[in-house]
Amino acid sequence: MKRREWIKSAALIGGSLSMSSALRGMPTAAPLGTALPSDSSHGYVNLSINENQWGPSPKAREAMVKAVSYAYEYPAVPHRKLREEIAVHEGVDPSQVLIGAGSSDLLKASSYVYGLQGGSLVAAEPTFNDLLRWAEPNGTEVIRIPWNDEFSPDLNKISSSLRSDTRLVYVCNPENPAGTLCDTSELKDFCMETAKSCPVFVDEAYIDFAGEADKLTMMGLVREGLPIIVSRTFSKAHGLGGMRVGYAVTTPEIAEKLKLAYVHGVVCGASHVSIEGARVAYADRQWLTHVRTETAKVRADFEGFLDNIGQPFIPSYTTFVLMPVNTDSKVIADTLFNMTKVRISPRLIHGQNYLRISLGSPAQMRKLKSGLELVLAAT
């Protein structure tokens, strides 16, 4: 197929519905499988930063619309209620729950509490980098341990890399950008042993996509009183990335330290409106199940597509897939975007080029696959 003909056909793939029908349901969720580039404020299909294309639950949207009437109020009351609701679910005291503007708020607070002490932090390489990049300017030495052969944090090597001056260990599970999941029992043993030396920060941003979160989480170690920090976000499975709400659960002692390093309470960094949306989203387990189920379908379909075209990839437990490529990944990503207006994320990891592709709606993925197959075939 000639390039011009292909571009025309790719446009038709996502354009079978009229603009009016695509937007008729807004601001409620667009019908499943009908998302178009115009559904996004980006102006293109953005499959590069792991946004939840299913969006927040209709109940959460309704709650946020109602909460706008109280936007003049500081978020003290919803902040307290959300902490209490999370505490009940996790079996901890509300004093152990911290609410932030996304989990990034708690990551940055941890970089201050543990990074300003000097010494070292230990983490996988690569991993979600926020805590580490904020800690290094404070004078902390970040010890980065390459993934193991399964593209997961190498827990054994991390353990052997602890030093007397290690202040914190960071583990992202499921891992980002690989999408892999640590064995639960191995991670639990690792956390219990490491906690004898220093606290462990376990970032569980994508845990809801990996299976039954209550069985995979390290929250149980917090309930046992170990110096563990477990963070979650409403940005991923709950579809509230733009509303900026996240939380961490830890020991009362660590919670008090972290509270000194970020905005919380009456003037919490998250807004009244966003917290009310998060409260309803947290309670709406039916929508969470729906998002998990639909995401799993899209993930299986995309990984099947990659198998069919002979493209290697790392099996994922998340909302994204990482795959190695044999040429400059930025060139591939730029070429794909110029041809399709679908943006994906190029990565260079330990000298190897990769593409990390976020999972979108079925319509978005059809557009991606049509372009990706042609671009990969040409490289």
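Treat every Asp and Glu Cβ in the range 268-354 as -1 and every Lys and Arg Cβ as +1, leave all other atoms uncharged, and give the resulting dipole magnitude about the Cα centre to the nearest 20 debye.
Result for the range 268-354 is approximately 160 debye, rounded to the nearest 20.
Can you give me the C-alpha center-to-center distance between the range 75-89 and the range 212-282, rounded to a whole angstrom?
Result: 10 Å between the Cα centres.
Using DSSP, restrict attention to beta bridges with both residues in the chain and report what percent are antiparallel, rounded to the nearest 5.
50 percent
Please compute, over every Cα-Cα pair in the range 114-223, the percentage with a separation greater than 16 angstrom.
55 percent
From the residues Pro346, Val113, Met365, which one has its Cα farthest along the dipole of the chain in the positive direction, the dipole being from +1 and -1 charges on Cβ of Lys/Arg and Asp/Glu about the Cα centre?
So the residue we want is Met365.
Anyone know which of Gln96, Gln364, Gln311 comes out most mobile in the 10 Å Cα GNM of the chain?
Top of the fluctuation ranking is Gln311.
Please state the charge dipole magnitude for the chain, taken about the Cα centre, from unit charges on C-beta atoms (+1 on K and R, -1 on D and E), reported in debye and rounded to the nearest 20.
Roughly 1320 debye for the chain.
Can you check what the Kirkwood hydrodynamic radius comes to for the range 116-181, Cα pairs only, in Å to one decimal?
Working: mean 1/r = 0.0841 Å⁻¹.
Its Kirkwood hydrodynamic radius stands at 11.9 Å.
Specify the residue with the greatest mean-square fluctuation among His290, His272, His264, computed from a Gaussian network of the chain linking alpha-carbon atoms under 10 Å apart.
Checking each option, the largest mean-square fluctuation is seen for His290.
Based on the Kirkwood radius over alpha-carbon pairs, what value in µm²/s does the Stokes-Einstein equation return for the translational diffusion coefficient of the range 222-366 at 20 °C and 1.002 mPa s?
For the chosen part, D equals 117 µm²/s.
Sorted from largest down, give the three principal axis spans of the alpha carbons of the range 302-379, whole angstrom values.
Between the extreme Cα coordinates on each principal axis of the range 302-379 lie 33, 29, 20 Å.
Take the solvent-accessible surface of the protein heavy atoms, probe 1.4 Å, and return the percent of it on the range 146-274 that carbon and sulfur atoms account for.
Using a 1.4 Å probe with all protein chains present, the range 146-274 comes out at 50 percent carbon and sulfur.
Place +1 on the Cβ of every Lys and Arg and -1 on the Cβ of every Asp and Glu in the chain, take the dipole about the Cα centre, and give the residue among Leu155, Val331, Ile145 whose Cα lies farthest towards its positive end.
Checked the options; the winner is Val331.
Under a 10 Å cutoff between Cα atoms, tell me which one of Gly310, Gly100, Gly239 has the largest fluctuation in the Gaussian network model of the chain.
Evaluated over the chain, the most mobile residue of the options is Gly310.
Only helical DSSP H runs with n ≥ 4 go in: add -39500 (n - 2.57) per run for the chain, normalise by residue count and round the 222 nm mean residue ellipticity to 500 deg cm²/dmol.
Taking each H run of at least 4 residues, the total per residue is -12500 deg cm²/dmol.
Give me the tail of P(r) for the range 98-150 as a percent: Cα-Cα pairs with distance above 18 Å.
33 percent
With every protein chain left in place, what is the accessible area per residue of the range 283-379 in square angstrom, probe 1.4 Å?
I get 44 Å² per residue for this part.
Across every pair of different alpha-carbon atoms, what Kirkwood hydrodynamic radius in Å does the chain reach?
By the Kirkwood definition, the hydrodynamic radius is 21.7 Å.
The values are calculated or read from the model by the stated rules, or taken from the named source; none is laboratory data. This is a predicted model, so every value here is computed, not measured. Here the Cβ is made from the backbone with ideal geometry for all residues, glycine too, and neighbour counts use every protein chain on show. Calculation scope for accessible area: heavy atoms of the full protein, side chains included, ligands and nucleic acids excluded. Shrake-Rupley method; radii C 1.70, N 1.55, O 1.52, S 1.80 Å.
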